[in-house]
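Engineer: Pasting a structure below so you can have a look.
The values are calculated or read from the model by the stated rules, or taken from the named source; none is laboratory data. Predicted, not measured: the structure shown is a model, and the values here were computed from it. Cβ: placed from backbone, ideal geometry, glycine included. Neighbour counts: every protein chain shown.
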Amino acid sequence: MKGQPDKKRILIRIAAIIVVAAVAAAMFVIGRGHTVYFDNKVLEYNGKEYKGPYSIEVQVDGEKVAKLKDGERGMAPTMGQNFSMDLIIKEEKGGEEKKLRAALPLPYSMDGIIINLPALLNGLPEDAYMSEFIPTPSDEELEDEEVVTDEIEGLMNFGEDGEQQE
């Protein structure tokens, strides 16, 4: 009959919906991309100051992504919600190296994540060592920014019929 979908068409539509739902579920499990920034900067938390070691080398998946001296920042892109890294730490120049492995869950709500390594190494809670990276605009970008005001002086006034009015 015309006007009523046949069984084959209904099955194809159901199969398409199932495929789309399966792809969405797989993408949720795989996760989204993040940029993880590593800080070796002094952190003040609850009135106490946490200083970083002399140098920290950060390795992700066996690849060196950053070597940070005191006050420096590095970064690594990653996919998914779980992040693990190896830290090779030197407390002082020419000192002995210690190797640590850290595995962290990454929040869904953040694209750029800053991990303060001194806070992480001192066992502080997640709110102390993890924060969202919010880029600041450069001076050039600020100069190019257009300022919008509510002033209408000097603008043409068009009436309802599209004719310019005085």
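Engineer: Give me the pairs: first residue in region 121-139 and assigned to a loop (DSSP other than H, G, I, E, B), second residue of a type in the set (Phe, Trp, Tyr), beta-carbon distance under 8 Å, and six or more apart or on different chains, which are they?
Structural biologist: ASN122/TYR50; LEU124/TYR45; LEU124/TYR50; PHE133/TYR37
Engineer: Would region 88-99 turn up any residue that is in contact with a helix residue (DSSP H, G or I) (Cβ under 7 Å, 6 or more places away or on another chain) and within 20 Å of LYS51 (Cα to Cα)?
Structural biologist: No: zero hits.
Engineer: Next question. Being out of contact with any strand residue (DSSP E or B) (no Cβ under 7 Å at 6 or more places or on another chain) and within 22 Å of PRO105 (Cα to Cα) is the filter here; which residues of region 31-51 pass it?
Structural biologist: Matches in region 31-51: ARG32, TYR45.
Engineer: Something else now. Kindly indicate whether any position in region 52-72 is under 26 Å from VAL29 (Cα atoms), acidic (Asp, Glu), within 23 Å of the chain's Cα centre (by Cα) and surrounded by 13 or more Cβ atoms within 10 Å (Cβ to Cβ).
Structural biologist: No, because not a single residue in region 52-72 is under 26 Å from VAL29 (Cα atoms), acidic (Asp, Glu), within 23 Å of the chain's Cα centre (by Cα) and surrounded by 13 or more Cβ atoms within 10 Å (Cβ to Cβ).
Engineer: Whether any residue in region 154-163 is of a type in the set (Phe, Trp, Tyr), part of a strand (DSSP E or B) and at pLDDT 80 or above is what I want to check.
Structural biologist: So far as region 154-163 goes, no, none of its residues is of a type in the set (Phe, Trp, Tyr), part of a strand (DSSP E or B) and at pLDDT 80 or above.
Engineer: I've got another one for you. Residue by residue through region 100-145, note down the ones that are closer than 17 Å to TYR54 by Cβ and either at pLDDT below 90 or of a type in the set (S, T, N, Q) (or both).
Structural biologist: If the condition is that a residue be closer than 17 Å to TYR54 by Cβ and either at pLDDT below 90 or of a type in the set (S, T, N, Q) (or both), then ASN116, ASN122 are the ones that fit.
Engineer: Within the set of pairs 6+ apart or on separate chains, which have a first residue in region 79-92 that is over 17 Å from PRO107 (Cβ atoms), a second that is of a type in the set (Gly, Ala, Ser) and buried (at least 17 other Cβ atoms within 10 Å of the Cβ), and C-beta atoms under 6 Å apart?
Structural biologist: Between residues of region 79-92 that are over 17 Å from PRO107 (Cβ atoms) and residues that are of a type in the set (Gly, Ala, Ser) and buried (at least 17 other Cβ atoms within 10 Å of the Cβ), the close pairs are LYS90/SER55.
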